[in-house]
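Notes follow once the structure below has been shown.
The values are calculated or read from the model by the stated rules, or taken from the named source; none is laboratory data. Bear in mind that the values here come from a model prediction, so they are computed numbers and not experimental data. Don't worry about glycine lacking a Cβ; one is built from the backbone with ideal geometry, like all the others, and counts go over all protein chains shown. The protein model used for the area step is the full one, side chains on, heavy atoms only, and it has no ligands, DNA or RNA in it. Shrake-Rupley method; radii C 1.70, N 1.55, O 1.52, S 1.80 Å.
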Amino acid sequence: MQIHSITLKNIKSHRDKKLDFVKGINVLSGVNGVGKSTIFEAIGYALFGVDARDFVGNIERFITIGAKKGEITITFSPNNNETYRVTRSVGAGSKWLLAKELHGTFEVEDHAGAPETEARIKQLLDLDRGRPLAEQFKLVIGPFQSEFLGPFVLKQPTKRQEAFDEILGIDAWRKTFKGTSTLLKSVQSKIDILNVEIKGRQEQVDALPDRKKELTGLLKDLKALQKELAEHEKTLVVTENQLTKLDQQEKATNTVKSKIQVLENRLRDGEGKIADQNKRVMEAEQALATMEKSRKSKETFEAAETALKSLREQEKQQRQIEKEIAALDQESTRLTQTMGHELREIEKTENQLTAEEKQLEKNQKSLTADPDLTNTAARLPNLRKEEKKLRTTQGIIKGRQGGLQEGKEKLAEGVCPFLKEQCLNLAGKAPQDIFSAQQHELATEDLNLEKQLTKLSQEITGAEKAQHELESLKVRAQEIEKQLLALTRRQEENNKRRLALQETARQQTEAEKKTLARKVDLQKYDKLDNEISESEKSRTEHQIARDAFFANQKDAQDLTNRRASLKKMAALLDELKQVMAVKQKELVKLNQDYDLRRHTEVRLAKEQLLTVIATIKQKITDLDKDRLRLATEIKKLEQIQEEIKIKLTDKKCFAAKAELVTFLRQQIFKNVSAQLSERLREEISLRADRIYRNIAETDEELYWGDKYQIVLRDMQDGELRERTDDQLSGGQTMSAVVALRLALLQTTNARVAFFDEPTSNLDAARRENLAQAFRAIDVGREEVTEHWYDQLFLISHDIAFTEVTDQIISLE
């Protein structure tokens, strides 16, 4: 088994970290808070399925701050031939995937869920012992730093025993012994309950013979009542036939009476309707006479109405012409005002443009350059050339002056000014002055050049000033040219406005012509108001007669219909009177055949029979309910009798089970857990003792005692001394715990293990010895123990591990 590498993305302080591991011992080092323990936690989470909340309490704290999801990928080989990659994400929708390497690529295995993935990893790691991978990691393979001492230092023996029984996987026997105690109590309780139930049911079954006897007497009474009921029902049928015949006679008589009543009501209604219809006929005849009387006035009103309608249309035309004339007058006035205003604006603009043009021409003439100024500016290039020439000459003179001064100084020192060495011709002689005259000439020449340059500089300044003034005049002249060009465009625009004014004058003349033409059209409506007044007067005079015509028109037109309806009503009234006479004769005959007293007697007899029959039926119903009740009780008691038989059988079965459970608890479960614990403690103690002796370098014997208590044995004053964990120092306890954990890992067949700060509380010598012990196990030194692990992971700041480790991984 080997873990090749781990990759962490957004896990606590590791945003994107990959670590590679080697076989043997891998040590993780670094300052506190760099994330060493996080590496172990990530391996436990991804490879062993530990819940992230076991590390941090809240899953979100297992993810890097600011990230929403994290991911851990581990590559490992369960053997030398196959390589797998397990990936587990952290956060919403987390997944746990296992992939196998095939031909250089990883193919994800198809698993139904996390339980199936865990089972597959357990199989690959050879840790399939019926215990979840997460528990094996937390308890043995990689306990958290805070739980390294774990159950070793528990003070309560019972809790310590339970913890190590669980770690060693033998807790099932002890739990079974405790669990079967509850089972035995449960079986005994079942037997007690069955005894109570059997007793209670037997008391109920004792009443079964009395219930059967009571049911026999009830069936006899029920048969007598049923016979009496049949006789009364036969008499009821005869009585009902008589009553039916009498009811039919009564119904026929009442029907005829009702019909006669309806006919009487209809006759009264008919006579009233005929009277109303006579009144309506008279009203229609009167309306017809009124129509004929007002017909002529109605026609006169309609003629005036037609004429007035035509005059109103002419009035609308007159108003439209008046509106058009007013609009044309308004437009003519507006155009006249516009022409006057525009003409004034054009003339004002022309005057402004003329004045601006004269001023610009005047300014243009004033910009003519003076000839002397032009000549002075023209000399500037020549003056600058002359100045440059004089500057060059002055530089040459300055160089000659420097050379002469240097020669004079060298000659005074006896050094040849040409060969730059001591001159033998001058040895012992006073130096001659051959440079002063030449220096004087050059100084005079330099002074004259300086005067010429000063004068020339003044002339150049004047020429530059003249050139600047000429350029200023040129710029101003160009600006005036632009202003003149803009002035020309403005004059053109003003001329366009004058041409447009002519079009406005034409529109004003045309508007005046249209106004005169519409005024001529308006003259033909001069008499219109008088004609409208006369027509309205005529319409008003005949309005009342016309309204009377139309008010009576509907009644007059309905005269024929009203007369026809009156005739029809009279015929219907005669028919009703004939039907009334027939029904009255039928009623007389029915009254002769119907006997009201006999009818009352038969109805009373029927009611008495119904009461008697109902009473008998109620008695039968009550008896039948009692019969059903007794039958149900008897059936239930018989069922209880069967239940007693079943419960007696169950009681016998539970008694046999109780006997079996008692035997198993006393003879098997009670002793197996203790025997296994003793054997495993002896095996682990032997291995742990050898490791402890190498770490502590003492003659003390480490023994894992009863209830998993740490015991150190040695000889003191010739006597055997035993010290338990509460009598040991911190270093002794840590050394013993490390030795026991290593032996425990070997016993549980773990091929990989994790130790977080195993040298805590150890002095320098013990730390060195512990490191050597790890290496001894790695190489399989016989005096320590045989080699049993493939990889060992340590977190340590101790330099002792640098000499024994296969790889040190420094986390920054």
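Against the condition open to solvent by less than 60 Å² (accessible area, probe 1.4 Å) and either under 30 Å from residue 650 (Cβ atoms) or free of Cβ contacts under 8 Å to residues at least 60 places away in the same chain (or both), how does residue 230 come out, does it pass? It is true that residue 230 is open to solvent by less than 60 Å² (accessible area, probe 1.4 Å) and either under 30 Å from residue 650 (Cβ atoms) or free of Cβ contacts under 8 Å to residues at least 60 places away in the same chain (or both). For the stretch 725-773, the set of residues classified as in contact (Cβ under 8 Å) with a residue 40 or more places away in the chain, part of a loop (DSSP other than H, G, I, E, B) and of a type in the set (D, E, K, R) consists of 751, 757, listed by residue number. Any residue at all in the stretch 222-231 that is within 30 Å of residue 665 (Cα to Cα), assigned to a helix (DSSP H, G or I) and hydrophobic (A, V, I, L, M, F, W, C)? There is no residue in the stretch 222-231 that is within 30 Å of residue 665 (Cα to Cα), assigned to a helix (DSSP H, G or I) and hydrophobic (A, V, I, L, M, F, W, C). Taken as a whole, the stretch 240-261 holds no residue that is loosely packed, with under 14 Cβ neighbours inside 10 Å and farther than 30 Å from residue 602 by Cα.
Would you call residue 246 in contact (Cβ under 8 Å) with a residue 60 or more places away in the chain, among the hydrophobic types (A, V, I, L, M, F, W, C) and under 25 Å from residue 618 (Cβ atoms)?
Working: in contact (Cβ under 8 Å) with a residue 60 or more places away in the chain: yes; among the hydrophobic types (A, V, I, L, M, F, W, C): yes; under 25 Å from residue 618 (Cβ atoms): no.
The answer is no for residue 246.
Quick one: is residue 577 closer than 30 Å to residue 280 by Cβ and loosely packed, with under 13 Cβ neighbours inside 10 Å? Spelling it out, residue 577 is indeed closer than 30 Å to residue 280 by Cβ and loosely packed, with under 13 Cβ neighbours inside 10 Å. Among the residues making up the stretch 696-706, those that are under 15 Å from residue 681 (Cβ atoms) and either open to solvent by 10 Å² or more (accessible area, probe 1.4 Å) or not aromatic (Phe, Trp, Tyr) (or both) are 701, 702, 703, 705, 706. For first residues located in the stretch 492-514 and within 27 Å of residue 353 (Cβ to Cβ) and touching a residue at least 24 places away in the same chain (Cβ under 8 Å), partners that are β-branched (Val, Ile, Thr) and open to solvent by less than 50 Å² (accessible area, probe 1.4 Å) and lie 6+ apart or on another chain with Cβ distances below 9 Å form the pairs 494/346; 494/349; 497/346; 497/349; 498/346; 501/346. Among residues belonging to the stretch 121-134 that are in a loop (DSSP other than H, G, I, E, B) and of a type outside the set (D, E, K, R), point out the one that is modelled with the highest pLDDT. Ranking the qualifying residues of the stretch 121-134, first place goes to 132.
Residues in the stretch 45-59 include at least one that is closer than 30 Å to residue 803 by Cα, out of contact with any helix residue (DSSP H, G or I) (no Cβ under 6 Å at 6 or more places or on another chain) and modelled with pLDDT of 90 or more.
Looking at this structure, is residue 664 in a helix (DSSP H, G or I), crowded, with 17+ Cβ neighbours inside 10 Å and either at pLDDT below 85 or under 60 Å from the mean Cα position of the chain (by Cα) (or both)? Please lay out each step first, then the result.
Values: in a helix (DSSP H, G or I): yes; crowded, with 17+ Cβ neighbours inside 10 Å: no; either at pLDDT below 85 or under 60 Å from the mean Cα position of the chain (by Cα) (or both): yes.
So residue 664 fails the test.
I need a count of the residues in the stretch 523-532 that are open to solvent by 70 Å² or more (accessible area, probe 1.4 Å) and in a helix (DSSP H, G or I).
As a first pass, look at the stretch 523-532 and keep what is open to solvent by 70 Å² or more (accessible area, probe 1.4 Å): 523-524, 526-527, 529-531.
Next, from what is left, pick out any that are in a helix (DSSP H, G or I): 523-524, 529-531.
Going through the stretch 523-532 one residue at a time, the tally reaches 5.
Taking residue 234, is it of a type in the set (D, E, K, R) and at pLDDT 85 or above? Give the derivation first.
Working: of a type in the set (D, E, K, R): yes; at pLDDT 85 or above: yes.
Yes; evaluated as a whole, the condition is true for this residue.
Residues that are surrounded by 11 or more Cβ atoms within 10 Å (Cβ to Cβ), free of Cβ contacts under 8 Å to residues at least 40 places away in the same chain and of a type in the set (Val, Ile, Thr) occur at least once in the stretch 608-622. When you scan the stretch 758-778, do you find a residue that is open to solvent by 10 Å² or more (accessible area, probe 1.4 Å), modelled with pLDDT under 75, of a type outside the set (Ser, Thr, Tyr) and over 18 Å from residue 697 (Cβ atoms), even just one? Yes: one or more hits.
Looking at the stretch 314-330 only, could you name the residues that are open to solvent by less than 90 Å² (accessible area, probe 1.4 Å) and free of Cβ contacts under 8 Å to residues at least 24 places away in the same chain? Walk me through it before giving the result.
Going residue by residue through the stretch 314-330, those that are open to solvent by less than 90 Å² (accessible area, probe 1.4 Å) are 314-315, 318, 321-322, 324-329.
Selection gives 326, 327.
When 368, 354 are screened for being more than 30 Å from residue 527 (Cβ to Cβ), of a type in the set (S, T, N, Q) and in a helix (DSSP H, G or I), only 354 passes. The strands (runs of 3 or more DSSP E) found entirely in the stretch 1-101 include none that carry 2 or more residues being open to solvent by less than 10 Å² (accessible area, probe 1.4 Å) and either among the hydroxyl-bearing types (Ser, Thr, Tyr) or at positive phi (or both).
Take residue 474 and decide whether it is over 60 Å from the mean Cα position of the chain (by Cα), more than 30 Å from residue 306 (Cα to Cα) and either modelled with pLDDT under 85 or open to solvent by less than 60 Å² (accessible area, probe 1.4 Å) (or both). Yes: the conditions hold for residue 474.
Out of the stretch 331-346, which residues are loosely packed, with under 12 Cβ neighbours inside 10 Å and of a type outside the set (Lys, Arg)?
Step one: list which residues in the stretch 331-346 are loosely packed, with under 12 Cβ neighbours inside 10 Å, which gives 337, 340-341, 344.
Correct list: 337, 340, 341.
Yes or no: the stretch 105-120 includes at least one residue that is in a strand (DSSP E or B) and touching a residue at least 12 places away in the same chain (Cβ under 8 Å). Within the stretch 105-120 (the criterion being in a strand (DSSP E or B) and touching a residue at least 12 places away in the same chain (Cβ under 8 Å)), the answer is yes, since at least one residue qualifies.
Working carefully through the options 727, 716, 732, 709, find the one that is open to solvent by 10 Å² or more (accessible area, probe 1.4 Å) and within 57 Å of the chain's Cα centre (by Cα). If you could, list the steps in order and put the result at the bottom.
Numbers: 727 fails: within 57 Å of the chain's Cα centre (by Cα); 716 fails: within 57 Å of the chain's Cα centre (by Cα); 732 fails: within 57 Å of the chain's Cα centre (by Cα).
From the options 727, 716, 732, 709, the qualifying one is 709.
Counting only residues that are open to solvent by 80 Å² or more (accessible area, probe 1.4 Å) and within 32 Å of the chain's Cα centre (by Cα), the stretch 102-111 holds 2 of them. Evaluate the stretch 375-384: report whether one residue or more is assigned to a helix (DSSP H, G or I), on the phi < 0 side of the Ramachandran plot, modelled with pLDDT of 85 or more and basic (Lys, Arg). Within the stretch 375-384, not a single residue is assigned to a helix (DSSP H, G or I), on the phi < 0 side of the Ramachandran plot, modelled with pLDDT of 85 or more and basic (Lys, Arg). Pairing each residue of the stretch 583-598 that is over 17 Å from residue 245 (Cα atoms) with any residue that is among the basic types (Lys, Arg), provided the two are 6+ apart or on different chains, yields C-beta distances under 6 Å for 583/259. Among the candidates 651, 707, 657, 647, which residue alone is in contact with a helix residue (DSSP H, G or I) (Cβ under 8 Å, 6 or more places away or on another chain), in contact (Cβ under 8 Å) with a residue 40 or more places away in the chain and closer than 30 Å to residue 745 by Cα? Step by step, each of 651, 707, 657, 647 is checked, and only 707 is in contact with a helix residue (DSSP H, G or I) (Cβ under 8 Å, 6 or more places away or on another chain), in contact (Cβ under 8 Å) with a residue 40 or more places away in the chain and closer than 30 Å to residue 745 by Cα. Just one of the numbered conditions (1) modelled with pLDDT under 80; (2) farther than 30 Å from residue 251 by Cα; (3) in contact with a helix residue (DSSP H, G or I) (Cβ under 8 Å, 6 or more places away or on another chain) is not true of residue 527: (3).
Residues of the stretch 667-693 being touching a residue at least 60 places away in the same chain (Cβ under 8 Å) and either open to solvent by 50 Å² or more (accessible area, probe 1.4 Å) or over 19 Å from residue 185 (Cβ atoms) (or both), which ones?
Correct list: 670, 672, 673, 676, 677, 680, 683, 684, 687, 690, 691.
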